[in-house]
Amino acid sequence: MNEMKEAASSCNACKQCAPLGACIAFKGIEGALPMLHGSQGCATYIRRYLISHFRETMDIASSNFSEETTIFGGNRNFNTGIDNIISQYHPQVIAIASTCLAETIGEDVQRLIYEYQATHEEVPEMVFASTPSYQGTHYEGFHEAVFATVKTLAKGKASDNPLSLHQLNLFCNLISPEDIRHLKEIAADFSLKTMIFPDYSDTLDGTSWDSYQRIPEGGTTIEAIENSPWAASSLELGYILNATLTQSAGEYLQNAFGVDNFRTGLPIGIRESDKFFAQLSALSGKVIPLKYQKQRGRLVDLYFDGHKYVSMKRAVIYGEEDLVVGLAAFAAETGIKPVLCATGGESGTLQQTLREVLGDLYSEEIIVGQGMTFEAMEAAIHDLDLQPDLFIGNSKGYYLARKLDIPIVRAGFPIHDRIGAQHNRLLGYEGTTILFEQIVNTLLEDKQRKSSVGYKYM
Ligand code: SF4
């Protein structure tokens, strides 16, 4: 691998802040209201950013730090904030994430929660995720929130009726609401009673309302999370998840309650989807339904149809680490060469994971960049003469793609310059079908646009 340059400061980072990721995960708990312990500006930025992607209303509370709070601690603001949330929102769960400022002054949020619970009656469940942005990206924040929620709510208390319990905990990773719905459909087709977490398929992609819902309907129920220790197994989608955590939610349930934990990657492309469907088949004891065998067959046929248009094309792939792994695995099996795999994450395991997942399709020529900025990506493209034909990633790469006059296929988070990000489907054979068609058509469109003659047959 070629060495990437290190910079003392970063410009246009390929990541977002950690509590932002935590808020997405918290939106997947039924009846939850996220609260940021810190300054108002953090909540405003995060709300604005999420609204632009999901196109939904976004209530996120803040304890609203001032100069005084920063010096003497945020105890009073925290209590007032919780009082206001309870009286105005009546949530089932208050899901708290810390901002950089709260972490920098060493605020002990667990103690604040304990003291509030000890001095008040009828307090909703309270979950806390520690999310300093200088220690991770939105991706780490997301997984910290998933872990903190399960650790807090999964108390090991069985339901009175064991038959009502679900069989599988499916930790779905940071995916679109549409992909969450698709995973539910797949699990149901295997007759697996499944808790999918976090489930923001309704809360972040709702219907139109007659009156404003301060906490939108939907989300994984508290009961399901409480009962997660009694599932037969857990399945986590993603190989890397949060490398700064000592254990993931699935590992926690395995270590604390003996729930078998399995991992596959995000099922993008045929090979990774095959692994996912094989895992579900093993967990359910059922053969893969004909519906998915046919979807796979149609995808193989589509690969034949489009192969000549994508073969040897050179792609820059960027985003969260597990998304990069999934997209690179998909690209490589179609004949597209991933020339730069870039992420703002810093797990230190991206290259090794790519090597293992791509297997015989892995090339030592792939440049793998962690802790990347778009500035660094531009330098790598120039300095290493990568000559990409295509960008695959979120809309933050648009300026660079435009500057280099390279087409971009939008995937992942955030997508701010198109509508419908909440409906983007990447997962499974059907999601891959949509993605592959998008890529082929984007390349064809780019070729037509740059051609000196107009043509319509290929
Ligand atoms: S100060 Fe930290 S938590 Fe707040 S918006 Fe900036 S990076 Fe995010």
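The values are calculated or read from the model by the stated rules, or taken from the named source; none is laboratory data. All of these numbers come straight from a predicted model, not from anything done at the bench. Cβ placement follows ideal geometry from the backbone for every residue including glycine, while neighbour counts extend to all protein chains displayed. Surface areas here come from the heavy atoms of the whole protein model, side chains and all, with no ligands, DNA or RNA. Shrake-Rupley method; radii C 1.70, N 1.55, O 1.52, S 1.80 Å.
General observations
- Residues considered: S159, S211, S130. Of these, the only one that is hydroxyl-bearing (S, T, Y), on the phi < 0 side of the Ramachandran plot and modelled with pLDDT of 95 or more is S130.
- Pairing each residue of segment 121-135 that is under 19 Å from P19 (Cβ atoms) and assigned to a helix (DSSP H, G or I) with any residue that is hydroxyl-bearing (S, T, Y) and open to solvent by 20 Å² or more (accessible area, probe 1.4 Å), provided the two are 6+ apart or on different chains, yields C-beta distances under 8 Å for Q135/T244.
- Yes/no for K456 being basic (K, R), touching a helix residue (DSSP H, G or I) at 6+ places or on another chain (Cβ under 9 Å) and assigned to a helix (DSSP H, G or I): no
- Sole exception among (1) touching a helix residue (DSSP H, G or I) at 6+ places or on another chain (Cβ under 6 Å); (2) in contact (Cβ under 8 Å) with a residue 40 or more places away in the chain; (3) closer than 18 Å to S52 by Cβ; (4) buried (at least 21 other Cβ atoms within 10 Å of the Cβ) for N394, by number: (1)
- Meets criteria (surrounded by 21 or more Cβ atoms within 10 Å (Cβ to Cβ) and more than 16 Å from the ligand (Cβ to nearest atom)) for V123: no
- In the set (1) outside any loop (DSSP other than H, G, I, E, B); (2) within 16 Å of the ligand (Cβ to nearest atom); (3) open to solvent by 10 Å² or more (accessible area, probe 1.4 Å), N64 fails one condition alone, (1).
- Total residues in segment 33-61, condition in a strand (DSSP E or B), open to solvent by 10 Å² or more (accessible area, probe 1.4 Å) and away from the ligand (no atom under 15 Å from the Cβ): 0
- Of the numbered criteria (1) open to solvent by less than 20 Å² (accessible area, probe 1.4 Å); (2) over 18 Å from R425 (Cα atoms); (3) within 21 Å of the chain's Cα centre (by Cα); (4) among the small types (G, A, S), the one S273 fails is (2).
- All of (1) open to solvent by 40 Å² or more (accessible area, probe 1.4 Å); (2) in a helix (DSSP H, G or I) hold for L435 with one exception: (1).
- Residue match in segment 266-274 (condition: assigned to a helix (DSSP H, G or I), without any contact (Cβ under 8 Å) to a residue 24 or more places away in the chain and farther than 24 Å from G412 by Cα): no
- Selection count, segment 203-219, where residues are closer than 15 Å to G31 by Cβ and open to solvent by 80 Å² or more (accessible area, probe 1.4 Å): 2
- Residue match in segment 10-19 (condition: within 15 Å of the ligand (Cβ to nearest atom), open to solvent by 50 Å² or more (accessible area, probe 1.4 Å), of a type in the set (G, A, S) and in contact (Cβ under 8 Å) with a residue 12 or more places away in the chain): yes
- Filter result for the condition that a residue is within 16 Å of the ligand (Cβ to nearest atom) and under 27 Å from the mean Cα position of the chain (by Cα), over G136, G106: G136
- Top-ranked residue of segment 92-103 - restricted to ones that are under 24 Å from the mean Cα position of the chain (by Cα) and part of a helix (DSSP H, G or I), ranked as surrounded by the most Cβ atoms within 10 Å (Cβ to Cβ): E103
- In segment 177-201, the qualifying residues are those that are open to solvent by 20 Å² or more (accessible area, probe 1.4 Å) and farther than 27 Å from G156 by Cα, and the one that is nearest to the chain's Cα centre (by Cα) is E178.
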